[in-house]
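Here is the structure we will look at.
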Amino acid sequence: MANMDQTVYIAGVGVISAIGNNVAEHLASFERGEAGMAEITLFDTIHKHTRPVAEVKLTDDELIAQTGLSTHNGRTALLSLVAAREAMADAAIPGLEALRVGFVSANTVGGMDRSEDFFVRFLADNSKGKLKNVFDHECGSMTEIVADQLGITDFLTTISTACSSSANAIFYGARLIRNNVVDVVVAGGADAITKFTLNGFNTLMILDKEFCKPFDEHREGLNLGEGAGYLVLVSDKVAKTLNKPLYCTLSGYNNSNDAYHQTASSPDGTGSYLAMKKALDKSGLKPTDIDYINLHGTGTPNNDSAEGTAVKRLFDPEYPPMSSTKSFTGHTLGASGGVEAVFSALAIKHGLIYPNLRFETRMSDLPFEPERKFLKDQDLKHVMSNSFGFGGNCTSLIFSKI
Amino acid sequence: MTEKNHITSSCSISNGTVNKDDHKAFENHGLDISAFLLSVYQYFHFNYPKFYKMDNLSKLGWLAAEILLQNDFHKYNYQPEEIGVVLTNSNSSLDNDLKYFDTLKDIPSPSVFVYTLPNIVIGEICIRNNFKGEHAFFIQESFNADFVAQQVNYLLDNNILQACICGWVDVLGREYKATLFLVEKKKTEKSLLFSAENMNSIFNKN
């Protein structure tokens, strides 16, 4: 029986990125104002000294030791398992084995980091290289590998829509609960840094040579990041059985596409405007109800200009505090919607607004600027989280205090 | 129980020739592929500036779809979500991938890079026509009409789509061939039954 009015609650969160290996470390890094960018160490590249990246500060070996996964699974699966496990442990749902549980996980690179290792040796001599090192590298395998470890079997799916992937995974998960397909969903996503993404973004000329400066007039691009972020979404029925406070509800969501260009947003931010506007409509809220926006804010001239234009169109003249946490984590691509959904849920629970690091100069065509300070003890009732992807794939999520 | 679906239009572009349904619509021999595709664009008086930015795979597929849908496709009877695209080829986006690879010697070209995926041609067709239905791109050794029929019948018979553009769009170097079919649920005067046999017959004729 479908129950479309059913509220979807967030019962647990888990995250790993360049600024921490768990939720507590992230909160500490935000408070200290410490960004996670540095020189790349994961692989050899001609871009090593010129393109800072935000790597998770654990090697593959350390992640393997921590997760117990085998070596040929790829870094995306390793990161995914760390954050998804933290989220499930955090939710601590009593009697989970009797409930219908889903895993909706997003990623864009799959096991490409391992494929790239294999390819170098194989290209030099096609009798070299072990096939087990290119087995299970498609995006869907990341989800299956992690679901096996989590013991989730009732519903699995993978979403890959570029940088809005895990925001879409979260609202897909919410729809599964609202339609009574499952009782609990672990939803979010993961992505590891790979040569392909680094070189691809470099080709598009949107990597900053310095640490990124989201929403600054003199921004020059993004820093590539990696990580994973998951929410545990539960139905009303399950929420009533929990022994600890819930974080918030997912009150609104929307995905809109401006079909403008393969990689660029339309200059007027049509897709981002529609996503924010329709997410508000879905939640029944007005722009003035939003207390904080976690911007997509990649730091590229195109994104921040388009997103800023869309924010202006929707919120003018009263702007809520807003910031891009990519100034800490870099752009974690398919993981970013999940990572930032975790930040949004934490913002509501702990009353936090995160600083937009390195902001100096307001963009010339915008009448607002992002928050620079770490603010505590804020009364946040509604938080919007934006995730906009290549292909014009734009998603906004709204989280609300209970 | 499979419903009966129908090929209500077809278009092939290969060997310097454009065929629409069962007649020759244009021919222009002896040109390289870029010049030939431009001559098709000009002959049909298309006006779509974005055409000039496309790679050859997208140009070929876009032109075939434009000609396929000319005249009698009453697309406005369908909702955007009711029209889908299922394409196949054997060389993926390799034609453009190699051109991109050449640019690496100098400065990697962003405008070439964004066409290094085969399904971009589906995006170009959908953006042009405001199609928002299901779409898929399959890479196979050669044109597999049985496979295409199975995919498209599934989408139509389960009411996931009401109309579907399907077929083959392939470019590599000097070689190119596109054969597209418009498949609808309704029979028309000149429509053919949507079957692997009929697709093969049109594909092999051109």
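The values are calculated or read from the model by the stated rules, or taken from the named source; none is laboratory data. All of these numbers come straight from a predicted model, not from anything done at the bench. All Cβ positions, even for glycine, are placed from backbone atoms using ideal geometry, and neighbour counts span all protein chains on display.
Condition first: away from chain B (no Cβ under 14 Å), among the charged types (D, E, K, R) and either more than 16 Å from A:T7 (Cα to Cα) or touching a His at 6+ places or on another chain (Cβ under 6 Å) (or both). Now tell me which residues in segment A:240-266 satisfy that. Spell out the reasoning first.
Going residue by residue through segment A:240-266, those that are away from chain B (no Cβ under 14 Å) are A:240-254.
Checking the rest, the ones that are also among the charged types (D, E, K, R) come to A:240, A:244.
If the condition is that a residue be away from chain B (no Cβ under 14 Å), among the charged types (D, E, K, R) and either more than 16 Å from A:T7 (Cα to Cα) or touching a His at 6+ places or on another chain (Cβ under 6 Å) (or both), then A:K244 is the only one that fits.
Among the residues of segment A:24-37, is any under 24 Å from A:G200 (Cα atoms) and not small (G, A, S)? Checked against the condition, which is being under 24 Å from A:G200 (Cα atoms) and not small (G, A, S), segment A:24-37 yields at least one hit. When A:F390 is tested against (1) touching an Asp or Glu at 6+ places or on another chain (Cβ under 7 Å); (2) within 14 Å of chain B (Cβ to nearest Cβ), only condition (1) is not met. Mind checking which residues of segment B:108-155 are away from chain A (no Cβ under 12 Å) and either of a type in the set (G, A, S) or buried (at least 22 other Cβ atoms within 10 Å of the Cβ) (or both)? Once the filter is applied, which keeps residues that are away from chain A (no Cβ under 12 Å) and either of a type in the set (G, A, S) or buried (at least 22 other Cβ atoms within 10 Å of the Cβ) (or both), segment B:108-155 yields B:P118, B:G133, B:A136, B:S142, B:A145, B:V148, B:A149, B:V152, B:L155. Evaluating B:F26 against the criteria (1) within 21 Å of B:K205 (Cβ to Cβ); (2) buried (at least 19 other Cβ atoms within 10 Å of the Cβ); (3) not polar (S, T, N, Q) leaves one unmet condition, (2). Taking the criterion of being under 15 Å from B:I127 (Cα atoms), in contact with a Cys (Cβ under 9 Å, 6 or more places away or on another chain) and surrounded by 14 or more Cβ atoms within 10 Å (Cβ to Cβ), would at least one residue in segment B:67-79 satisfy it? Scanning segment B:67-79 turns up at least one residue that is under 15 Å from B:I127 (Cα atoms), in contact with a Cys (Cβ under 9 Å, 6 or more places away or on another chain) and surrounded by 14 or more Cβ atoms within 10 Å (Cβ to Cβ).
Identify, please: which residue in segment A:267-276 is in contact with a helix residue (DSSP H, G or I) (Cβ under 7 Å, 6 or more places away or on another chain) and away from chain B (no Cβ under 14 Å) and is, among those, surrounded by the fewest Cβ atoms within 10 Å (Cβ to Cβ)? Among those that are in contact with a helix residue (DSSP H, G or I) (Cβ under 7 Å, 6 or more places away or on another chain) and away from chain B (no Cβ under 14 Å), it is A:P267. Listed by position, the helices (runs of 4 or more DSSP H) contained in segment A:288-402 that have at least 3 residues being assigned by TED's automatic domain parsing to the domain that holds A:N168 and under 15 Å from the mean Cα position of the chain (by Cα) form an empty set. For first residues located in segment A:297-320 and in contact (Cβ under 8 Å) with a residue 12 or more places away in the chain, partners that are in a helix (DSSP H, G or I) and polar (S, T, N, Q) and lie 6+ apart or on another chain with Cβ distances below 7 Å form the pairs A:A306/A:S272; A:E307/A:S272; A:A310/A:S272; A:E318/A:T288.
Take A:G284 and decide whether it is touching an Asp or Glu at 6+ places or on another chain (Cβ under 9 Å) and more than 13 Å from chain B (Cβ to nearest Cβ).
No, not satisfied.
For B:P108, indicate whether it is over 20 Å from B:T8 (Cα atoms), in a loop (DSSP other than H, G, I, E, B) and either without any contact (Cβ under 8 Å) to a residue 24 or more places away in the chain or of a type in the set (F, W, Y) (or both).
On the way: over 20 Å from B:T8 (Cα atoms): yes; in a loop (DSSP other than H, G, I, E, B): yes; either without any contact (Cβ under 8 Å) to a residue 24 or more places away in the chain or of a type in the set (F, W, Y) (or both): yes.
When the stated conditions are applied, B:P108 passes them.
Mind checking which residues of segment B:186-199 are crowded, with 17+ Cβ neighbours inside 10 Å and either out of contact with any strand residue (DSSP E or B) (no Cβ under 9 Å at 6 or more places or on another chain) or part of a loop (DSSP other than H, G, I, E, B) (or both)? Scanning segment B:186-199 gives B:S191, B:F194, B:S195.
Kindly indicate which of A:G74, A:G14, A:G33 is in contact (Cβ under 8 Å) with a residue 12 or more places away in the chain and under 29 Å from A:D183 (Cα atoms).
A:G14
Between A:T67, A:T59, the distinction of being at negative phi and free of Cβ contacts under 8 Å to residues at least 24 places away in the same chain belongs to A:T59 only.
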